[in-house]
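One structure is given here, and the rest of the page talks about it.
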Amino acid sequence: MKYDFDTIIDRRNTSSLKWNVKEEELPMWVADMDFQTAPEIRSAIEKRAAHGVFGYTDIPDAWYQAYIGWWQSRHNYTMEKEWLIFCTGIVPAISSMVRKLTTPAEKVLLQTPVYNIFFNSVLNNGRQVLESPLRYDGERYSMDFADLEEKLADPQTTLMILCNPQNPSGNIWDRQTLAAVGELCKKHHVTVISDEIHCDLVAPGCSYVPFASVSETCREISVTCVAPTKTFNIAGLQTAAVIVPDPVLRHKVWRGLNTDEVAEPNAFAVDAAIAAFTEGGPWLDALREYIWKNKETVKNYIAANIPGIRVVDSDATYLMWLDCGTYYGAKYGVGAGTCGLDEKHGTGNAADINHFDLAGFIREKTGLYLSSGSQYGGNGAQFLRLNVACPNSVVLDGMKRLEAGLRH
């Protein structure tokens, strides 16, 4: 079956967070696709809607089997039914777990740059963020294990939030790296929350490694957060799950989710997830091909027209992490490509980077709305995050605006 990703869907005036912008603006920021979800999911929702009664919803066995079957067939990971707990979303679940698994003022470790809402989940709940910056060699990110262990050894560090695959860089952590994380966390008595919401959005031919699948250690000390929402563009349906193999840890998480009332599905959340994981495979395969063609479009355009921008190599997500260090270097004369950055981590320390809002400047001049890298911590100040989950013609429009903005 051929799926249509080229048609532009008008999302204005639909209460869309992403598209709540001025008429002339082009939003390519928040991780929200501009494609209609899989036809199979829409059919399941329409069937449920036709029933006409939308009361309280229980979790049927088919929901558990959909998750189990998908992770077995797609990711070669076998989970047990009792490990799964429904939740309304990964962010509410993480916030709940931060409250349940830590005490006020304790430290939660984040490897930065990382998904900015993690900071909210920690700080808004009275805990401290402890950053362990990722290493950046100008092309890819890697973990700094010496720094990571130093931070995990802090007796006030009791929780680590891992992003796997990594957002915003799109890096897929390999088995050896994840195993090392697990051993360090066990050694220092730190629980791991692994956010794996982008796990199905990998490049064609690539696969990701579930953290809990790596070893007995990783399985015992972790909670894995998963959902069909990013993959199938159904975030508005509020449907997700946590996987907790260890029974003691699972009981704590279950208590937290239920205390916070984020463990009950709306009338469409279950049917949509079942349809996604039992019938959505062909649509997803076509989507992945399309997204990676969009990524190639961006790489080629930038190489030909915007040499001051470097695209970070990425194997996952529909997000692109654009290194503007050379641009800043040329603009401010602090060394092309270095921008006064710390050699070890690439942490921005040039005042001009931190005080100049490049994303805001581009939006003002061209209407192109990108995410500013500074909100992701670490060396993010020299980056922009671009969402390419949209028709290819829109991607080209975005590239022309980006070029125009940088020429001002």
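The values are calculated or read from the model by the stated rules, or taken from the named source; none is laboratory data. Source: prediction; values computed, not measured. Don't worry about glycine lacking a Cβ; one is built from the backbone with ideal geometry, like all the others, and counts go over all protein chains shown. Ligands, DNA and RNA are stripped out before the accessible areas are found, and what is left, the full protein with its side chains, is counted by its heavy atoms. Shrake-Rupley method; radii C 1.70, N 1.55, O 1.52, S 1.80 Å.
Some notes on this structure:
- Max mean-square fluctuation residue, GNM over the chain, Cα-Cα springs under 10 Å, options G205, G360, G380: G205
- The largest-to-smallest principal axis extents of the Cα set in segment 234-297 are 46, 27, 20 Å.
- Accessible area ranking (1.4 Å probe, heavy atoms, ligands and nucleic acids excluded), largest first, for E261, E279: E261, E279.
- Heavy atoms of the protein chains alone define the surface here; on that basis the chain has 41 Å² accessible area per residue at 1.4 Å probe size.
- Apportionment of accessible area to carbon and sulfur, segment 140-222, percent (1.4 Å): 50
- Euclidean distance of C-alpha centroids, segment 174-189 and segment 93-166, integer Å: 14
- Gyration tensor (alpha-carbon) shape descriptor, segment 10-141, a/c threshold 1.5: oblate
- One equal scatterer on each Cα of segment 128-219, no solvent, Debye formula: the resulting log10 I(q)/I(0) at q = 0.20, 0.26 Å⁻¹ is -1.01, -1.54.
- Where R99, R219, R12 fall by accessible area, highest first, once all protein chains stay in place (1.4 Å): R99, R219, R12
- Along each principal axis, taking the top coordinate minus the bottom one, the Cα set of the chain gives 60, 52, 36 Å in descending order.
- Put the Cα centre of segment 285-312 next to the Cα centre of segment 21-45 and the gap is 20 Å.
- A probe of 1.4 angstrom, applied to the heavy atoms of all protein chains, finds L162 with accessible area near 0 square angstrom.
- Dipole magnitude of the chain about its Cα centre (Cβ charges: Lys, Arg +1; Asp, Glu -1), debye to nearest 20: 380
- Rounded to 5, the percent of DSSP beta bridges in the chain classed as antiparallel: 50
- Separation of alpha-carbon centers, segment 76-92 and segment 217-250, rounded to whole Å: 4
- Sequence-separation-based contact order of the chain, relative, with Cα cut under 8 Å and 6+ spacing, percent: 23
- Within the assembled protein chains, the solvent-accessible surface assigned to D397 is about 60 Å², based on a 1.4 Å probe.
- Working from the Cα coordinates of segment 58-125, the gyration tensor eigenvalues give, after taking √(5λ), semi-axes of 29, 15, 11 Å in decreasing order.
- Here segment 246-326 has 50 percent of its accessible surface on carbon and sulfur atoms, given a 1.4 Å probe and all protein chains in place.
- Cleavage-rule hits (GluC sites (Glu not before Pro)) in segment 37-127: DSSP loop, at most 11 neighbouring Cβ within 10 angstrom: E80
- Gaussian network model of the chain, Cα within-10 Å springs - most flexible of N124, N13, N266: N13
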